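I have placed the structure first, in the form of structure tokens, so that the comments after it can refer back to it.
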Amino acid sequence: MKFLKATALLFVFTLFLFSAQAAFAAEVTVRTWFPSLDGKVQKGTTLDFKDNLGIEDKNLTSVGLSFGDPGKLQFDYDSFSFDGTQNPAAGYTFNGIAYSPADRVKATTELTYIAAKWLPTYDAKSERNFSWLFGVSHSEIKTKMEAPGKNTTKTFKSFAPIIGARYEIGTTTPTSYYGEIAASVTGGNKYSYASEIGVKRNISKKAGYIAGYRYLAAKSGSDDEYAKLSLSGPFLQLNYHF
């Protein structure tokens, strides 16, 4: 595991070196996402985020960066928080604390997902564009329970290399279509999957937008204690190229 993390950190450092050399060409993205939430946490009783904790869907906003040849070096940062408040229909335990139907429990789940991706053969000047995708990802799922005299928090983390692919048609035209998938699996107990399809439209030499559909899933922990969460739904994104 230490060797794996060291290798991943070296990869990130190398990406930043390439990015520094290509800093003259950068693209910033701002995305609004309308996903459905699904997930569970187990640190005692297995708890469904929606059914047991009352956590609800919400609209989300995230940012991204790419450097050099547009789309070749990508950095994604997602940090989302979801919450719900309800009395447990039946008693349960979480992180060593017992909650009863008399407790009014506020539950909060936070997801942080960070990915650094390199697409070695991506070429923005090619009409049909395929590239493998390599990188590293960090995912963190934190669940907090709050009730009178019964507050506790548990965090599960995962850090690992990712591999995937991207394919785009019409890259050199104002309108193009693409699909991308990236996956990370560590020992079968921790994973992250990110995929999306979309339609890109350039409205000027520097600006454009994307309409698409995204799926993001992450699990951290072990067979007995874990948190897992998935988000899926349509999104709208604005791009600005420097």
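The values are calculated or read from the model by the stated rules, or taken from the named source; none is laboratory data. Because the structure is a prediction, the values reported are computed rather than measured. Reconstructed Cβ throughout: ideal geometry from the backbone, glycine too, with neighbour counts over all protein chains shown.
The residue pairs whose first member lies in the stretch 222-236 and is under 24 Å from residue 212 (Cβ atoms), whose second member is acidic (Asp, Glu), and whose beta carbons are closer than 7 Å, counting only pairs six or more residues apart or on different chains, are 230/38.
Conditions tested, residue by residue: (1) polar (S, T, N, Q); (2) touching a strand residue (DSSP E or B) at 6+ places or on another chain (Cβ under 8 Å); (3) closer than 14 Å to residue 110 by Cα.
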position: 45; (1), (2), (3): yes, yes, no
position: 51; (1), (2), (3): no, no, no
position: 60; (1), (2), (3): no, yes, yes
position: 65; (1), (2), (3): no, yes, no
position: 73; (1), (2), (3): no, yes, no
position: 76; (1), (2), (3): no, yes, no
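Considering only residues that are in contact (Cβ under 8 Å) with a residue 60 or more places away in the chain and under 20 Å from residue 72 (Cβ atoms), look in the stretch 169-196 and name the one that is surrounded by the fewest Cβ atoms within 10 Å (Cβ to Cβ). Filtering first and then ranking leaves 182.
The residue pairs whose first member lies in the stretch 204-216 and is without any contact (Cβ under 8 Å) to a residue 24 or more places away in the chain and within 28 Å of residue 184 (Cα to Cα), whose second member is of a type in the set (Phe, Trp, Tyr) and assigned to a strand (DSSP E or B), and whose beta carbons are closer than 9 Å, counting only pairs six or more residues apart or on different chains, are 213/235; 215/193.
Looking across the stretch 156-177, the residues that are part of a strand (DSSP E or B), among the polar types (S, T, N, Q) and over 16 Å from the mean Cα position of the chain (by Cα) come down to 175, 176. When you go through 218, 124, 211, 182 one by one, which is the residue that is more than 30 Å from residue 47 (Cα to Cα) and in a strand (DSSP E or B)? Sole residue among the options that is more than 30 Å from residue 47 (Cα to Cα) and in a strand (DSSP E or B): 211. Across the stretch 154-168, the qualifying residues are those that are without any contact (Cβ under 8 Å) to a residue 60 or more places away in the chain and among the small types (Gly, Ala, Ser), and the one among them that is nearest to residue 109 (Cα to Cα) is 164.
Kindly indicate the residue of the stretch 50-90 that is aliphatic (A, V, I, L, M) and assigned to a strand (DSSP E or B) and also surrounded by the fewest Cβ atoms within 10 Å (Cβ to Cβ) among those meeting that condition.
Going through the stretch 50-90, the residues aliphatic (A, V, I, L, M) turn out to be 53, 55, 60, 63, 65, 73, 89-90.
The next check asks that each one be assigned to a strand (DSSP E or B); those that pass are 60, 63, 65, 73.
Working: 60: 21, 63: 13, 65: 15, 73: 24.
That would be 63.
This table checks each residue for (1) of a type outside the set (Gly, Ala, Ser); (2) at pLDDT below 90; (3) buried (at least 19 other Cβ atoms within 10 Å of the Cβ).
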site	(1), (2), (3)
102	no, no, no
111	yes, no, yes
123	yes, yes, no
130	yes, no, no
135	no, no, yes
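Looking only at residues of the stretch 13-49 that are in a loop (DSSP other than H, G, I, E, B) and over 30 Å from residue 228 (Cα atoms), we find that the one that is modelled with the highest pLDDT is 25. Residues of the stretch 221-242 that are closer than 22 Å to residue 83 by Cα and assigned to a strand (DSSP E or B): 221, 226, 227, 228, 229, 230, 231, 232, 233, 234, 235.
Residue 72 satisfies every condition listed in (1) touching a helix residue (DSSP H, G or I) at 6+ places or on another chain (Cβ under 9 Å); (2) more than 30 Å from residue 180 (Cβ to Cβ) except (2). Please go through the stretch 158-207 and pick out each residue that is over 14 Å from residue 117 (Cβ atoms) and polar (S, T, N, Q). Listed by number, the residues that qualify are 158, 171, 172, 173, 175, 176, 186, 189, 202, 204.
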